Amino acid sequence: MRPRTFIFLFGVLLLSSCSYMQTFFKGEKAAVVGRSVLYKSDIEKIIPPHTSAEDSTALARQYIDSWALKRLMLLKAQEQLSPGDKDVAQQLEEYKSQLLIFRYENKIVEEKLDTSITQEECAEYYRKNAERFRPENGLARARIVKVDKSSPNLQRIRKLISGKDSSDMVRLRQVVKVSAYSLADFDGRWVDMSLLAREMGVDLGTLQLRARHDGHLETTDSMFTHILQISDYVAPGGKAPFEYCREKIKEMILAVRKRKLLNDLHKEIFNNALDTKELKIINNESD
């Protein structure tokens with residue numbers, strides 16, 4: 001047998017055995033779309049350990065359907081789109097460039113961004129940008145007690161929850177511990193009024209009206225009475241307290257620093273390229 005004939009036959013045998021080799025190494029097939037194959041071993045990788053048989057079957061079915069639809073859509077696109085529409089080389093190159101630049105900028109930010117922010121910096125930013133901290137829904141400090149609507153301690157809870165002294169809160173916690181389902185005081189933090197409205201199951205306007213009156217509101221369902229007492233209130237459009245804004249201010253300061261760091265980086269790279277002649281801007285305009 002001539003060498004070329006032998007090489008040709010060997011190549012045919014090799015190609016014909018590819019499917020067998022893939023099955024040998026990757027195991028049993030789960031789905032096939034055209035030349036694309038999904039193996040059961042691929043599906044097993046996405047199912048978390050200790051998942052029940054029922055959940056495993058559901059996850060596998062969902063994964064197979066998603067995988068198959070993606071391949072079927074790709075086949076349909078390849079059939080229906082013109083050669084020009086299928087030419088995505090330039091778009092892929094642009095996406096690759098953007099991704100590399102994004103990763104490089106993130107690397108610089110991680111290495112060089114100063115993330116230390118003092119209390120004085122936050123307070124100064126708050127003072128200079130007060131108009132940016134106007135809550136749309138209003139803010140409140142509040143307590144909510146959930147208690148059985150037939151509880152014999154209901155009247156006592158009503159009295160204690162509206163108390164002003166710290167001793168009232170101590171006694172309230174003691175009563176709640178033995179006779180109520182829950183007490184939420186949000187750790188004394190300011191919270192958005194929309195959150196309190198959801199907790200009480202009322203519309204925001206109703207809650208804002210009660211906040212302006214005496215800050216007390218009760219709702220009752222088939223089993224429980226929900227008692228809300230607002231101790232401090234900032235109306236919509238009012239100035240949000242500094243402690244409520246502190247974390248947001250830190251994010252804003254970091255965003256400003258990041259923007260400046262990247263702007264300085266861009267200028268440095270651009271100017272260095274001009275100085276080293278790596279960048280040459282050619283002016284073809286006639287004098």
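Readers should treat all values here as calculations from the given coordinates under stated rules, not as data from a laboratory. This structure is a prediction, so every number in the text was calculated from the model and none was measured. FYI the Cβ positions are ideal-geometry reconstructions off the backbone, even for glycines, and counts take in every protein chain you see.
Restricting to Cα atoms and excluding each atom paired with itself, what does the Kirkwood estimate give for the stretch 23-80 in Å?
Numbers: mean 1/r = 0.0804 Å⁻¹.
It is 12.4 Å.
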Using Cα atoms only, what is the angle between the long axis of helix 3-26 and the major principal axis of the chain, expressed in degrees (0 to 90) to the nearest 10? 20
So what's the gap between the Cα centers of the stretch 231-276 and the stretch 27-64, to the nearest angstrom? 45
Compute the helix-to-body angle for 204-213: its Cα long axis versus the longest principal axis of the chain, expressed 0 to 90° and rounded to tens. 30
Run the Debye formula on the Cα coordinates of the chain, all scatterers equal and no solvent, and tell me log10 I(q)/I(0) at q = 0.15 1/Å. -1.11
What percentages, rounded to whole numbers, describe P(r) for the stretch 134-234 computed over all alpha carbon pairs with 5 Å bin width beginning at zero? 3, 13, 27, 24, 19, 11, 3, 1, 0
Among 30, 184, 235, determine the one that fluctuates most according to a GNM of the chain built with springs between C-alpha atoms less than 10 Å apart. 30
With a cut-off of 14 Å, note down the residues of the stretch 57-97 whose backbone N falls inside the zone around a label point 7 Å from the Cα of residue 36 toward its beta carbon. 63-79
Tabulate in residue order the Karplus-calculated ³J(HN,Hα) for the stretch 74-88, using 6.51 cos²θ - 1.76 cosθ + 1.60 with θ = phi - 60°, rounded to whole Hz; enter x for Gly and Pro. 5, 4, 4, 5, 5, 6, 8, 7, 6, x, x, 5, 7, 7, 10
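Only four residue types carry charge here, +1 at the Cβ of Lys and Arg and -1 at the Cβ of Asp and Glu. Report the dipole size of the chain about the Cα centre in Debye, rounded to the nearest 20. Don't skip to the end; give the middle numbers.
Working: 46 positive and 41 negative charges, 136 e Å.
Using Cβ point charges on Lys, Arg, Asp and Glu, the chain gives about 660 debye.
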Whole-Hz Karplus ³J(HN,Hα) for the stretch 233-240, in order, using 6.51 cos²θ - 1.76 cosθ + 1.60 and θ = phi - 60°, x for Gly and Pro? 8, 10, 5, x, x, x, 7, 5
Under the Karplus relation 6.51 cos²θ - 1.76 cosθ + 1.60, θ = phi - 60°, what is the ordered set of whole-Hz ³J(HN,Hα) values for the stretch 145-152, x standing for Gly and Pro? 10, 10, 9, 4, 5, 9, 4, x
Across 73, 169, 252, the residue with the highest GNM fluctuation in the chain (Cα network, 10 Å cutoff) is 73
With a 10 Å cut-off between alpha carbons and a GNM built on the chain, which of 167, 36, 179 moves the most? 36
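Relative contact order for the chain using alpha-carbon pairs under 8 Å, separation at least 6, rounded to a whole percent?
Working: 244 pairs, mean separation 53.0, N = 287.
In percent, rounded to a whole number, it is 18.
Convex hull volume of the Cα atoms in the stretch 43-130, per residue, in Å³?
Details: hull volume 25.2 nm³, N = 88.
Cα convex hull per residue, to the nearest whole number: 287 Å³.
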Long-range amide H contacts for residue 39: which residues qualify at under 5 Å (H placed 1.01 Å from N, peptide plane, sequence gap of 5 or more or a different chain)? 30
Nearest 10 degrees, 0 to 90: what angle lies between the long axis of helix 119-128 and the longest principal axis of the chain (Cα atoms)? 80
Can you give me the P(r) profile for the stretch 153-196? Cα pairs, bins 5 angstrom wide beginning at 0, each as a whole percent. 5, 20, 30, 22, 16, 7
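Are any of the pairs 70/248; 96/280; 86/258; 128/164; 248/280; 258/280 more than 32 Å apart by Cα-Cα distance, and if so, which?
Details: 70/248 40 Å; 96/280 24 Å; 86/258 38 Å; 128/164 34 Å; 248/280 43 Å; 258/280 29 Å.
From 70/248; 96/280; 86/258; 128/164; 248/280; 258/280, over 32 Å: 70/248; 86/258; 128/164; 248/280.
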For the stretch 101-115 and the stretch 152-173, what is the centre-to-centre distance using only Cα atoms, to the nearest Å? 52
